[in-house]
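A short worksheet on the structure shown next.
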Amino acid sequence: MEQLIRENDINTTFYTGLPSYGTFVALERYLHRKATHLQVWHGRSTRLTPVEHPRKELFRLSIEHQLFAVLVRLRRGLTVKDLADRLGITAGQFSDIFATWVLFLSRELALLFPWPSCGLIQAWMPTSFKKRYPSTRAVIDCFELQIQRPSSLRRKSETFSKYKSRNTFKALVAISPAGLVSFISDIWGGRVSDREIFSKCGLLGMFTAGDSVMADRGFEIADILAPGGVSVNIPPRTEGQAQFPARKVEKTRRIAELRIHVERAIGRARRYQILNQVIPISMSELSDHIVKVCFLLTNFDVPLVCG
């Protein structure tokens with residue numbers, strides 16, 4: 001299958017989402033040594049650390065074949081049976097490969113793209129932020145993923161999103177001012193508020209005094225951030241006013257021009273078609289990792305924000 005992308009950047013992007021065949025090769029080489037020691041994932045009880053001795057290639061597929069097939073499933077949203085037939089293996093075997101690699105990629109990509117330091121943020125701060133909001137450490141928003149309707153009444157209630165009017169999983173996404181995806185929370189039920197996710201997902205402890213966060217007006221988090229010396233920039237509320245004063249209109253415009261980059265980052269991740277499908281209950285355990293892998297893979301693309 002990987003012959004489809006060999007020395008062909010257009011096909012590489014179409015099938016894997018990576019910007020070039022060279023990027024695919026570099027990623028495969030980076031992962032290769034650890035990938036040869038992977039233990040097949042069969043559920044939560046499976047040990048996620050590599051085994052001590054190299055295993056035989058999973059179902060006689062090369063590392064390159066495995067990585068390519070997993071990326072194709074994420075990017076094109078092809079079914080397990082379709083890919084299994086193309087690879088000449090059973091659907092169950094490909095399911096094991098997919099689950100194993102998604103967890104593996106989730107861990108390894110997080111190591112490749114850690115939370116950036118203040119120094120890195122300032123070094124790569126675009127002019128558009130530097131002029132108006134130079135203390136910005138992250139721009140945040142929430143992302144929702146439609147799921148199969150649970151049979152449990154409690155799970156139905158926990159995952160029902162009033163915003164989407166369906167059952168969803170929800171995650172908080174943060175990007176740097178330069179547009180790099182810097183944080184993806186674990187998934188929550190769609191009922192949870194933006195404020196609750198922010199306060200409990202672990203992002204709060206990553207800021208330092210003097211930082212600021214940019215968000216939509218739904219993130220009422222100023223009081224949560226204030227004790228740590230961190231501020232938030234959100235568009236002003238109308239507060240019953242029929243018309244905004246000119247200064248509030250201008251502030252709304254300035255924030256919207258910069259906050260849109262996190263929406264663009266989410267749009268990039270949604271090019272991975274698996275995120276646009278209804279996630280079955282059977283994949284709930286992997287959903288966290290699927291979301292994280294898709295978002296982190298977008299960091300290999302050209303920068304979202306230039307200058």
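What's the angle, to the nearest 10 degrees (0 to 90), between helix 63-76's Cα axis and the longest principal axis of the chain?
The angle comes out at about 50 degrees.
Only four residue types carry charge here, +1 at the Cβ of Lys and Arg and -1 at the Cβ of Asp and Glu. Report the dipole size of the chain about the Cα centre in Debye, rounded to the nearest 20.
600
In debye to the nearest 20, how big a dipole does region 262-304 give about its Cα centre with +1 on each Lys and Arg Cβ and -1 on each Asp and Glu Cβ?
180
Roughly speaking, to the nearest percent, how much of region 174-307's 1.4 Å accessible area is carbon and sulfur?
Taking all protein chains in place, region 174-307 shows 53 percent carbon and sulfur surface.
Test of understanding: what is the full-extension gain from D9 to Y30, defined as 0.36 nm times their sequence separation minus their Cα-Cα distance?
Full extension from D9 to Y30 adds 5.6 nm.
Which label marks the calculated value of Rg and Dmax of the Cα atoms in Å, given the options (i) 20.8, 69; (ii) 18.7, 58; (iii) 19.9, 62?
(i)
Note the angle between two axes, namely the Cα long axis of helix 246-269 and the longest principal axis of the Cα atoms of the chain, as a number of degrees from 0 to 90, rounded to the nearest 10.
Tilt of helix 246-269: around 0 degrees.
What's the FRET efficiency of S62 with L111 using the Cβ-Cβ distance as r and R₀ = 22 Å, to the nearest 0.05?
Efficiency, from the Cβ-Cβ distance: 0.40.
Give me the three principal axis extents of region 239-304 from the C-alpha atoms, as integers in angstrom, largest value leading.
Sorted largest first, the three principal extents are 51, 32, 15 Å.
If you count only protein heavy atoms with a 1.4 Å probe, what accessible area per residue comes out for the chain, rounded to a whole Å²?
Per-residue value: 49 Å².
Using only the Cα atoms of region 93-223, what semi-axes does the equivalent ellipsoid have when each is the square root of 5 times a gyration tensor eigenvalue? Give whole Å, largest first.
30, 21, 11
Report the paramagnetic label zone for E257: residues of region 129-148 whose backbone N is under 15 Å from a point 7 Å from Cα along the Cα-to-Cβ axis.
From region 129-148, the list is 129-134.
From the backbone phi of region 106-114, what are the Karplus-calculated ³J(HN,Hα) couplings (6.51 cos²θ - 1.76 cosθ + 1.60, θ = phi - 60°) in whole Hz, Gly and Pro given as x?
With the stated coefficients, region 106-114 comes to 4, 6, 6, 5, 5, 6, 6, 10, x Hz.
In this model, which of K200/K292; K81/K156; K130/K170; K164/K248 are farther than 23 Å apart at the alpha-carbon?
Result: K81/K156; K130/K170; K164/K248 exceed 23 Å.
Calculate how steeply helix 21-35 sits against the longest principal axis of the alpha-carbon atoms of the chain, using the helix alpha-carbon long axis, and give the answer as 0 to 90 degrees to the nearest 10.
Once rounded, one gets 70 degrees.
The values are calculated or read from the model by the stated rules, or taken from the named source; none is laboratory data. These figures come from a predicted structure and were not determined experimentally. Here the Cβ is made from the backbone with ideal geometry for all residues, glycine too, and neighbour counts use every protein chain on show. With ligands, DNA and RNA removed, areas are computed over all heavy atoms of the protein, side chains included. Shrake-Rupley method; radii C 1.70, N 1.55, O 1.52, S 1.80 Å.
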